[in-house]
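The values are calculated or read from the model by the stated rules, or taken from the named source; none is laboratory data. No experiment lies behind these values; they were computed from the predicted model shown. When we count neighbours, we look across all protein chains shown, and the Cβ atoms used for this are built from the backbone with ideal geometry, even at glycine.
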Amino acid sequence: MATFVTRAQWGARARRSSNTNITPAGGGVSVHHVDGVRVARTNHADCAGQVRGIQNHHMDTNGWTDVAYSHLVCVHGYVFEGRGEGQRTAANGTNPGNQNWYAVCGLTGGSASNYDPITPELIDAFHMAISRLRSSGGAANAVNGHRDHVATTCPGNLYPLVQDGTLNPGGGGGAPAWPGVYFRQPPVMNHASVGSWQSRMNSAHGFSLAVDSSYGPASDSACRTLQSRAGLVVDGVVGPDTWNATFG
């Protein structure tokens, strides 16, 4: 069972201002990691200092009002309170991303072949953080990655766990929850979860879609091809059945 660490307990600085202009029911929770090099602390006693360092960088170097993330989680199974529920993040890279999605950062990093261990305790901590953001913060059930908002490799080796539902509380693997939005065009539809769908179409079904979270003609065509293969109604609309066929 993960352990929650309040801002006071980890020694957070006071935020400079508060922004509660968010609509997370229209998005969900985005997963992040720290860097392209290994950063996980061997001793949990060092994790609070790491979180303070991230907050200092965000406030003093980036000029943000607080640490960017809603919560941060470590490989030892602790959830560090970030901006918290009901606060707009500065982590997701776009205005719609920060408007509609909370952000949880794993205190992990590294290259694909030399990545910090993804421990069961880390997964438990992600589950606690995401569950809090849903139950107390009004987040929808969708879970995506930072890379679904902008062109980045973040969250590194955590991203396959986003795609297969492992980081989705109660998921235990399998398809991530349908985001509750039908992808269709025309007109071109822009939604962060489109990026998760595009990435899965490429990795699991052999397509070469631009992962740009924009559901345009190429995505429509790929959707129709998948629907035909899966024996679904071929209408170019990604609803629950097509979403599940994509991630199944």
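Scan the range 94-115 and report the pairs whose first residue is touching a residue at least 60 places away in the same chain (Cβ under 8 Å) and whose second residue is part of a strand (DSSP E or B) and of a type in the set (S, T, N, Q), with Cβ atoms within less than 9 Å and a gap of 6+ or a chain change.
Listed by first residue and then by second, the contacts come to 96/190; 97/30; 101/30; 101/144; 102/30; 103/30; 104/30; 115/108.
Tell me, please, whether a residue that is surrounded by 23 or more Cβ atoms within 10 Å (Cβ to Cβ), within 19 Å of residue 135 (Cα to Cα) and either among the aromatic types (Phe, Trp, Tyr) or at pLDDT below 95 (or both) can be found in the range 49-72.
For the range 49-72, residues surrounded by 23 or more Cβ atoms within 10 Å (Cβ to Cβ), within 19 Å of residue 135 (Cα to Cα) and either among the aromatic types (Phe, Trp, Tyr) or at pLDDT below 95 (or both): present.
Of all residues in the range 109-137 being hydroxyl-bearing (Ser, Thr, Tyr) and touching a Gly at 6+ places or on another chain (Cβ under 7 Å), which is modelled with the lowest pLDDT?
Among those residues, the one meeting the criterion is 111.
For the range 200-228, name all the residues that are touching an Asp or Glu at 6+ places or on another chain (Cβ under 8 Å) and at positive phi.
Across the range 200-228, the qualifying residue is only 213.
Do we find that residue 117 is over 13 Å from residue 70 (Cα atoms) and under 12 Å from the mean Cα position of the chain (by Cα) in this structure?
No: the conditions fail for residue 117.
Would you call residue 187 over 30 Å from residue 37 (Cβ atoms), surrounded by fewer than 22 Cβ atoms within 10 Å (Cβ to Cβ) and without any contact (Cβ under 8 Å) to a residue 12 or more places away in the chain?
yes
Kindly establish whether residue 231 is on the phi > 0 side of the Ramachandran plot and free of Cβ contacts under 8 Å to residues at least 24 places away in the same chain.
yes
Since residue 107 meets every condition but one in (1) touching a Lys or Arg at 6+ places or on another chain (Cβ under 8 Å); (2) in a loop (DSSP other than H, G, I, E, B); (3) within 22 Å of residue 165 (Cα to Cα), which condition does it not meet?
The one condition residue 107 does not meet is (2).
Looking only at the range 1-37, how many residues end up being assigned to a strand (DSSP E or B) and either hydrophobic (A, V, I, L, M, F, W, C) or crowded, with 20+ Cβ neighbours inside 10 Å (or both)?
9
Quick check on my filter: what residues within the range 1-54 are among the acidic types (Asp, Glu) and more than 17 Å from residue 158 (Cβ to Cβ)?
46
If residue 89 satisfies every condition in (1) over 16 Å from the mean Cα position of the chain (by Cα); (2) in a loop (DSSP other than H, G, I, E, B); (3) buried (at least 24 other Cβ atoms within 10 Å of the Cβ) but one, which is the exception?
Exception for residue 89: condition (1).
Just to be sure before I move on: is residue 40 touching a helix residue (DSSP H, G or I) at 6+ places or on another chain (Cβ under 6 Å), under 29 Å from residue 151 (Cβ atoms), modelled with pLDDT of 95 or more and assigned to a loop (DSSP other than H, G, I, E, B) in the structure I sent?
No: the conditions fail for residue 40.
For the range 151-173, give me the residue count where each residue is β-branched (Val, Ile, Thr) and modelled with pLDDT of 90 or more.
Counting residues in the range 151-173 that are β-branched (Val, Ile, Thr) and modelled with pLDDT of 90 or more gives 2.
Of the numbered conditions (1) in a loop (DSSP other than H, G, I, E, B); (2) without any contact (Cβ under 8 Å) to a residue 60 or more places away in the chain; (3) over 15 Å from residue 145 (Cβ atoms), residue 118 satisfies every one except a single condition; which is it?
Only one criterion in (1) in a loop (DSSP other than H, G, I, E, B); (2) without any contact (Cβ under 8 Å) to a residue 60 or more places away in the chain; (3) over 15 Å from residue 145 (Cβ atoms) is unmet by residue 118, namely (3).
Please find, within the range 217-234, the residue that is nearest to residue 186 (Cα to Cα) out of those that are small (Gly, Ala, Ser) and surrounded by 17 or more Cβ atoms within 10 Å (Cβ to Cβ).
219
Could you pull out the residue among 98, 144, 157 that is outside the structural domain of residue 234 (by TED's automatic domain parsing), among the polar types (S, T, N, Q), part of a helix (DSSP H, G or I) and under 15 Å from residue 213 (Cα atoms)?
98
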